Amino acid sequence: MLQSEIQAGGTYEVRWHDGSFTAVRVDVVGGKPITRYIPGYGYEQIGRGKRYHCTNLRTGRRVIVKSAAKFRRAV
């Protein structure tokens, strides 16, 4: 799926690293600063990366999905 298609409060099917699928609810669509190091100056923020704070509906556990490509379809 695309970043623009994922909404907070929605329920989606996610593919995990072991190939299994499960349903998650997206609680917060947040960001993480992306920085680069400049010698003699320090770190500079050059952008923000998306992070999806979700709840696994099978286990109730909070998880962070780092990529919109992990979402397969809306449930």
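The values are calculated or read from the model by the stated rules, or taken from the named source; none is laboratory data. Note that the structure is predicted; figures quoted are calculated from it, not measured. Note that each Cβ is placed from the backbone with ideal geometry, even for glycine, and that neighbours are counted across all protein chains shown.
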*Which condition number does Val24 fail, the rest of (1) surrounded by fewer than 10 Cβ atoms within 10 Å (Cβ to Cβ); (2) at pLDDT 95 or above; (3) among the β-branched types (Val, Ile, Thr) being met?*
(1)
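Please count how many residues of the range 8-41 are in contact with a strand residue (DSSP E or B) (Cβ under 9 Å, 6 or more places away or on another chain), farther than 17 Å from Arg62 by Cα and of a type outside the set (Val, Ile, Thr). Break it down into steps so the answer makes sense when it comes.
First pass over the range 8-41, keeping only residues in contact with a strand residue (DSSP E or B) (Cβ under 9 Å, 6 or more places away or on another chain): 8-16, 21-38.
Next, from what is left, pick out any that are farther than 17 Å from Arg62 by Cα: 32-38.
Going one step further and asking which of them are of a type outside the set (Val, Ile, Thr), we end up with 32-33, 36-37.
Selection size over the range 8-41: 4.
Quick check on this structure: which one of Tyr12, Tyr43 is surrounded by 13 or more Cβ atoms within 10 Å (Cβ to Cβ) and among the hydroxyl-bearing types (Ser, Thr, Tyr)? Can you show your working first?
Working: Tyr43 fails: surrounded by 13 or more Cβ atoms within 10 Å (Cβ to Cβ).
Step by step, each of Tyr12, Tyr43 is checked, and only Tyr12 is surrounded by 13 or more Cβ atoms within 10 Å (Cβ to Cβ) and among the hydroxyl-bearing types (Ser, Thr, Tyr).
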*Search the range 14-35 for residues that are touching a residue at least 40 places away in the same chain (Cβ under 8 Å) and closer than 11 Å to Val65 by Cα and pair each with any residue that is part of a strand (DSSP E or B) and basic (Lys, Arg) when their beta-carbon atoms are under 9 Å apart and the residues are at least 6 apart or on different chains.*
Val14/Arg72; Arg15/Arg72
*Collect the residues in the range 27-75 that are of a type in the set (Ser, Thr, Tyr), at pLDDT 95 or above and within 9 Å of the chain's Cα centre (by Cα), keeping them in residue-number order.*
Tyr52
*State all residues of the range 64-75 that are surrounded by 15 or more Cβ atoms within 10 Å (Cβ to Cβ) and not aromatic (Phe, Trp, Tyr); if no residue qualifies, say none.*
Val65, Ala68, Lys70
*What tally of residues in the range 25-75 results from selecting those that are among the hydrophobic types (A, V, I, L, M, F, W, C), part of a strand (DSSP E or B) and within 20 Å of Ile6 (Cα to Cα)?*
9
*When you scan the range 50-61, how many residues do you find that are loosely packed, with under 12 Cβ neighbours inside 10 Å and among the basic types (Lys, Arg)?*
2
_Positions within the range 36-75 being of a type in the set (Ser, Thr, Tyr) and either in contact (Cβ under 8 Å) with a residue 24 or more places away in the chain or farther than 26 Å from Gly9 by Cβ (or both), in sequence order_ = Tyr37, Tyr41, Tyr43, Tyr52, Thr55
